[in-house]
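Undergrad: I'd like to ask some things about the structure below.
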Amino acid sequence: MPSVLLELRQVSKSFKRGDGEEGIKALGKVSFTVHKGEFLSIIGPSGCGKSTLLRIIAGLITSSTGECLYKGELVREPGLERGLVFQEPRLFPWLTITENIALAGDRTEELLVKMDLQGFGHVLPRELSGGMASRVALARALAPEPDLLLLDEPLATLDQKLRVKLQSELRRIWQEEGVTCILVTHDIDEALALGTRLIVLSKRPGRILCDKPLTCAEHRDTLKEQVLAWIEG
């Protein structure tokens with residue numbers, strides 16, 4: 001059995017109102033374990049706490065209850081070993097592509113080749129297409145060689161043709177880098193195509209409705225209708 005990389009124990013999150021009183025309960029009590037080498041897809045309706053969950057794992061926010069353990073240690077702050085890719089590339093506009101990637105590590109030339117960005121290292125983010133900017137953001141997250149890559153709908157703003165292409169790139173990078181991935185998405189096809197395992201969250205506050213391995217294409221097709229019913233129900 002592969003080693004445990006991440007463990008969530010009864011993690012929930014509520015956001016307080018301006019007067020200090022409890023406001024929106026974004027995430028219900030969630031517990032699961034992620035083993036090294038997995039590609040976990042998390043899907044659920046809007047507002048169910050998917051992105052909140054990733055931010056807790058990344059150490060950007062703290063949970064209201066429960067524990068988030070990374071390699072057996074309580075997550076208290078961000079760390080380069082847990083790379084996070086946002087929906088928008090969030091590149092520094094005044095830095096070149098090479099400089100943006102180099103902020104996180106020294107694998108710049110290797111990653112420019114891996115992301116098919118050779119010859120673009122000197123340009124600024126405003127000169128890139130949406131797909132190229134997404135690849136730069138992914139390269140920056142991979143630069144410090146993280147053990148865990150957190151993907152917060154990084155392809156959501158792209159057109160369908162480019163999205164499918166970059167899904168294949170993500171899968172290839174997962175295999176080549178040996179990195180463990182957690183992807184949150186609204187796209188069922190994307191979740192099923194990329195993941196080795198699927199978690200489905202309920203409507204807010206998000207709780208786990210389903211946690212299943214994705215073992216083969218036939219299994220994915222059968223599961224799609226069930227997932228749609230869970231989300232729409």
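The values are calculated or read from the model by the stated rules, or taken from the named source; none is laboratory data. Owing to the predicted nature of the structure, the values given are computational and were not obtained by experimental measurement. Quick reminder, even Gly has a Cβ in these numbers, built from the backbone with ideal geometry, and neighbours come from all protein chains shown.
Undergrad: Restricting attention to the range 40-63, report how many residues are outside any helix (DSSP H, G or I) and surrounded by fewer than 22 Cβ atoms within 10 Å (Cβ to Cβ).
TA: Residues of the range 40-63 that are outside any helix (DSSP H, G or I), as a first pass: 40-49, 59-63.
Within this subset, residues satisfying the condition of being surrounded by fewer than 22 Cβ atoms within 10 Å (Cβ to Cβ) are 45-47, 59-62.
Adding up the residues that qualify gives 7.
Undergrad: Do you know which of the residues in the range 78-126 that are among the small types (Gly, Ala, Ser) and under 22 Å from the mean Cα position of the chain (by Cα) is surrounded by the fewest Cβ atoms within 10 Å (Cβ to Cβ)?
TA: Taking the candidates together, the pick is Gly79.
Undergrad: A further question on this structure: It is to be established whether one or more residues within the range 3-22 are farther than 17 Å from Leu201 by Cα, touching a helix residue (DSSP H, G or I) at 6+ places or on another chain (Cβ under 9 Å), at pLDDT 90 or above and not in a strand (DSSP E or B).
TA: no
Undergrad: Okay, moving on. What are the residue pairs meeting all of these: first residue in the range 172-196, first residue crowded, with 17+ Cβ neighbours inside 10 Å, second residue among the hydroxyl-bearing types (Ser, Thr, Tyr) and outside any strand (DSSP E or B), Cβ atoms under 8 Å, and 6 or more apart or on different chains?
TA: What qualifies is Val184/Ser51.
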